[in-house]
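Trainee: Below you'll find the structure I mean.
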Amino acid sequence: MKKWGPRAGRLPTLNHLLAFETAARLGSFRAAADALHVTQGAVAQQVRALEAELGRPLFHRLPRGLALTDCGDEYASRTRFALEILEAATREFTAGPDRHPPGQVLVSTTPSIASRWLIPRLERISAAVPAGSVVIDASDQLRPLHGDGRVDIAIRWGTPPFAEGTARFLLPGRAILVCAPALAGHADWQNADDLAGIPLISDTHRHWSRWFARHGRADMPVTGPSFSQTLHAIEAAERGLGVAIVPAPLVDSALRDGRLVRVLGEQYALDSDAGFYLLTADPPVSGVMAVADRLLAEAAAPSQA
């Protein structure tokens with residue numbers, strides 16, 4: 001039998017990794033504490049213990065939130081990947097080979113799409129399967145369309161062709177600049193130069209470097225909080241922590257109800273060859289296609305969510 005003791009001794013404590021990954025994903029110790037149902041001090045202490053064990057800082061502690069260091073950003077990505085493997089293994093072990101009950105249509109997508117686009121429309125989407133239900137699997141893990149652990153529909157960012165399934169265009173990847181009204185109210189931004197010194201909120205898409213290069217300022221430093229999820233970059237912008245550059249479909253409702261405002265004009269939007277695509281397995285199943293058609297109709301309709 002393999003002895004696990006020596007190898008386990010080289011691994012950080014799981015609680016320390018959970019505290020770090022949650023804080024990195026949510027952008028603050030307070031939010032991580034709420035998510036983990038512990039105190040803010042406990043999260044901070046666990047992260048400090050992990051940093052001491054690794055021998056390097058993982059976060060820049062800012063007056064309003066956290067920003068990952070370069071090595072912290074890389075470690076967060078690897079930690080998240082490892083935790084997702086454990087989560088998937090546990091889910092598959094406890095669920096067994098049965099993928100999901102009859103009548104359910106399982107939709108896999110990112111937390112950002114789930115929170116900012118799907119949930120506001122979920123009542124109308126669910127009406128496509130009156131005898132069943134729509135189940136949202138919100139994760140960055142790419143779930144398959146065939147075999148064990150499959151999903152019925154996947155909404156993924158990228159450009160066709162994809163590895164499997166039939167892909168249909170859902171939402172554009174065009175990104176726009178947004179911030180809280182209070183922050184914009186104190187500024188007179190006319191061009192890219194005016195954003196110098198402003199906190200710029202980043203996510204894993206790293207749009208800012210491309211945006212500044214496109215406007216002739218490739219040397220402009222990007223300083224501000226960084227998040228692993230676009231969802232949290234949007235939330236940070238709503239809280240007035242800086243200017244974010246995010247896919248336009250994800251902030252339609254926030255712009256409409258005044259939680260966010262556009263920064264600069266339409267000519268400063270960042271177009272992209274990539275976008276959000278709806279993937280379904282072959283051959284199509286009637287209940288699945290009813291939900292897929294409803295999703296496509298929602299995307300094509302004037303925003304009403």
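Trainee: Being loosely packed, with under 15 Cβ neighbours inside 10 Å and under 21 Å from the mean Cα position of the chain (by Cα) narrows it down to one residue among Ile113, Ile119, Ile155; which is it?
Mentor: Ile119
Trainee: Right, next: Quick check on the range 246-282: of everything there that is part of a helix (DSSP H, G or I) and touching a helix residue (DSSP H, G or I) at 6+ places or on another chain (Cβ under 7 Å), which residue is nearest to Arg174 (Cα to Cα)?
Mentor: This residue is Pro249.
Trainee: Mind checking which residues of the range 165-185 are buried (at least 16 other Cβ atoms within 10 Å of the Cβ) and either free of Cβ contacts under 8 Å to residues at least 60 places away in the same chain or farther than 23 Å from Ile201 by Cβ (or both)?
Mentor: Selection gives Gly165, Thr166, Ala167, Leu170.
Trainee: Step by step: first the residues of the range 200-219, then only those that are without any contact (Cβ under 8 Å) to a residue 24 or more places away in the chain and either crowded, with 18+ Cβ neighbours inside 10 Å or under 17 Å from Leu68 (Cβ atoms) (or both), then the one that is nearest to the chain's Cα centre (by Cα). Which residue is that?
Mentor: The residue in question is Arg206.
Trainee: Hey, which of the helices (runs of 4 or more DSSP H) in the range 1-72, taking only ones fully inside, have at least 2 residues that are at pLDDT 85 or above and within 19 Å of the chain's Cα centre (by Cα)?
Mentor: Filter on the range 1-72 gives 14-26, 29-36.
Trainee: Now, a different point. Just to be sure, is Ala244 free of Cβ contacts under 8 Å to residues at least 12 places away in the same chain and either more than 19 Å from Arg61 (Cα to Cα) or surrounded by fewer than 21 Cβ atoms within 10 Å (Cβ to Cβ) (or both)?
Mentor: no
Trainee: One residue is enough: does the range 261-270 have a residue meeting the conditions under 24 Å from the mean Cα position of the chain (by Cα), outside the structural domain of Ala154 (by TED's automatic domain parsing), surrounded by 22 or more Cβ atoms within 10 Å (Cβ to Cβ) and not β-branched (Val, Ile, Thr)?
Mentor: no
Trainee: Filter the range 76-129 down to the residues that are among the hydrophobic types (A, V, I, L, M, F, W, C) and either at positive phi or part of a loop (DSSP other than H, G, I, E, B) (or both), then identify the one that is modelled with the highest pLDDT.
Mentor: Going through the qualifying residues, I end up with Ala127.
Trainee: Given Val222, Val285, which one is in the same structural domain as Ala131 (by TED's automatic domain parsing), surrounded by fewer than 21 Cβ atoms within 10 Å (Cβ to Cβ) and either closer than 30 Å to Thr69 by Cβ or not acidic (Asp, Glu) (or both)?
Mentor: Val285
The values are calculated or read from the model by the stated rules, or taken from the named source; none is laboratory data. A quick note: this is a predicted structure, and the numbers were derived from the prediction, not measured. Note: ideal-geometry Cβ built from the backbone for every residue, glycine included; neighbour counts use all protein chains shown.
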